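Just so it is clear, none of the values below were taken in a lab; they were calculated from the coordinates. Predicted model only: the values in this text are computed from it and were never measured. Every residue, glycine as well, gets a Cβ built from its backbone with ideal geometry; the counts of neighbours run over all protein chains shown.
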Amino acid sequence: MYSIKVEAHFSSAHNLRGYKGKCEELHGHNWKIEVAVESNALGKPGMVMDFKELKARVYELLEKLDHKYLNNIPYFKKVNPTSENIAKYIYDKLKRKVSSLKSVTVWESHNSCATYYE
């Protein structure tokens, strides 16, 4: 099994509904995203996927989240914008374009992250 991973970043604000604590209030993060893709075999020319192509797809998606209030995005009007749900949102959107997607990890700080995979 082969696996590749890329990192990307975006900044956004959110607040958690139904949560008692500081995160209930409007606040922001400089999010780090890790996207992993895997394959049993290498394609031509010996790659799981071209890093350039994977980064382009990740950046295209993150543009829709960057410098936004996440609670205003239709998906997050129904789903609480926790790190776990942001990871699933990104995974679901990327899976449509990257069939060999393995996982998405969302870091909300340098020592706190959530990962989603199927």
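Observations, loosely collected:
- Bridge type composition, the range 2-117 - antiparallel percent by DSSP, nearest 5: 95 percent
- Annotation: Cα Rg of the range 16-64 relative to the compact-globule expectation 2.2 N^0.38 Å equals 1.81.
- Fewest neighbouring Cβ atoms within 10 Å first, the residues 1, 49 line up as 1, 49.
- Working note: 222 nm ellipticity from helices only, DSSP H runs with n ≥ 4, each -39,500 (n - 2.57), summed and divided by the residues of the chain, gives -7500 deg cm²/dmol to the nearest 500.
- Among 26, 101, 16, a tally of other beta-carbon atoms within 10 Å of each Cβ gives an order, fewest to most, of 26, 16, 101.
- Rounded to the nearest 20 debye, dipole of the range 2-117 from Cβ charges on Lys, Arg, Asp, Glu: 320 debye
- Farthest toward the positive end of the dipole of the chain, out of 30, 113, 48, is the Cα of 48, where the dipole comes from beta carbon charges about the Cα centre.
- Of 22/64; 22/55; 22/77; 22/95; 5/44; 44/95, those spanning more than 23 Å from alpha-carbon to alpha-carbon: 22/64; 22/55; 22/95
- Among 38, 63, 53, the residue with the largest mean-square fluctuation in a Gaussian network model of the chain, with springs joining Cα atoms closer than 10 Å, is 53.
- Computed log10 I(q)/I(0) for the chain at 0.14, 0.21, 0.24 Å⁻¹: -0.58, -1.16, -1.45, from the Debye equation with unit scatterers placed on every C-alpha and solvent omitted.
- Footprinting exposure proxy ranking of 90, 73, fewest other C-beta atoms within 10 angstrom first, gives 73, 90.
- Part-to-part distance (alpha-carbon centres) for the range 80-116 and the range 1-16, which is given in Å: 6 Å
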